[in-house]
Amino acid sequence: NEFNLPSYIFLTCNAGFLGMVKYLPEKHRKIASELDLKSSDHQIPGYVSSVPCKVLPPGQFVKESYEAWVEIADKFPGAKGILVNSFTCLEQHAFDYFARCPENYPPVYPVGPVLSLEDRPAPDLDPSDRERIMRWLEDQPECSVVYLCFGSFGVLCVPQIEE
């Protein structure tokens, strides 16, 4: 803002995560310490229901990183807009919340999903495996496959991944 240039935030995460980012400084102003992961549920902006602490990303709530997250989240209202890697139909409730968001919060724009359109398979993927996977995907009914990305926070066991 000091150079009179509009600043936008590109959030590679989804609108639900943006709700968490908005929630952190609000919660911090009420209780100026990291969240207790054993405490009650939280009413996070843009979420349909209250959220139990145990399902939230723990990295945001440990003493070593909590204050940094709050400081980052405090800067979001200063942006001219926030671009979110998601789309309205996927997170209708969250985008509805941000469309009517009170306070001085910037407009939120769904711009996703942002995809790499280069058709390069993973270097360690066997070409026959890639062909088998692509054939399987092509054989599925339209709009019947959901891509899930668990980011860097999740560690899943084999049965969970297979499910």
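Values quoted throughout were computed directly from the atomic coordinates according to the rules given, and no laboratory measurement underlies them. All values derive from a computational prediction rather than experimental measurement. Backbone-built Cβ (ideal geometry, glycine too); neighbour counts: all protein chains shown.
Find, among the GluC sites (Glu not before Pro) in the range 75-147, those assigned to loop by DSSP (not H, G, I, E, B) with at most 10 other beta-carbon atoms within 10 angstrom. Walk me through the numbers before you get to the answer.
Details: sites: Glu91, Glu103, Glu118, Glu131, Glu138, Glu142; in loops: Glu91, Glu103, Glu118, Glu142.
For GluC sites (Glu not before Pro) across the range 75-147 that sit outside H, G, I, E and B with at most 10 neighbouring Cβ atoms in 10 Å, the list reads Glu103, Glu118, Glu142.
In vacuum, with every alpha carbon of the range 8-110 counted as one equal point scatterer, what does the Debye formula give for log10 I(q)/I(0) at q = 0.18, 0.22 Å⁻¹? Two decimals, please.
So the normalised log intensities work out to -0.86, -1.27.
Counting only residues 5 or more places away or on other chains, whose amide H sits under 5 Å from the amide H of Val108 once H atoms are built in the peptide plane?
Ile82
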